[in-house]
Amino acid sequence: MNSRLDAFNLNRCTSLDISEILYIKAAGRYTEVITAAKRYLICKHLKQIESELVIFPVFLRCHQSFLVNTEWIEQVRGTIIKLKCGKELTISRRKKKLFLDILDSTRSEIE
């Protein structure tokens, strides 16, 4: 199974290891892939990226605009996700229950 995602930075294609991705953010007709080191742009909608990443259960949709890599989550408090790098993302009220249920079930499988 390919655990890499192709992304662009300064018109150069880079193959990113899935584990390096902190979160993925919708940016109009594009999608930004954020790692600890850089931001990359992909010429696809977030929904397309989400369907490609369905084979990686570490990615969860927490908001209309975000997919988060659950391996980078340090804490969830209310509707705020705090990542290990210090970045905070919002969980939409509509997606909160499903997000937390899936997050709990994936973490209990790991332990």
Relative contact order of segment 8-111, please, whole-number percent, based on alpha carbon pairs below 8 angstrom and at least 6 residues apart.
18
Could you please state how large a percent of the accessible area of segment 3-43 is carbon and sulfur, counting protein chains only and using a 1.4 Å probe?
47
Per residue, how much accessible surface does the chain expose to a 1.4 Å probe? Answer in Å², no decimals.
64
Check Y23: other-chain or 5+ apart residues with amide H under 5 Å from its amide H, H built from backbone geometry?
I34, N69
Here the equivalent ellipsoid of the chain, derived from its Cα gyration tensor, has semi-axes (largest first, whole Å) of 23, 15, 13
Sites matching trypsin sites (Lys or Arg not before Pro) across segment 8-101 that sit in DSSP coil, with at most 10 neighbouring C-beta atoms within 10 Å
R29, R93, R94
Rounded to whole Å, give me the distance from the Cα center of segment 70-111 to that of segment 1-63.
18
Counting only protein heavy atoms and using a 1.4 Å probe, what share of the accessible area of segment 54-111 belongs to carbon plus sulfur, as a whole percent?
51
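The values are calculated or read from the model by the stated rules, or taken from the named source; none is laboratory data. Computed from a prediction, not measured in an experiment: that's the story for all the values here. Cβ coordinates were reconstructed from backbone atoms using ideal geometry, including for glycine residues, and neighbour counts include every protein chain displayed. For the accessible areas, the whole protein counts, side chains as well, though only heavy atoms, and no ligand, DNA or RNA atoms are used. Shrake-Rupley method; radii C 1.70, N 1.55, O 1.52, S 1.80 Å.
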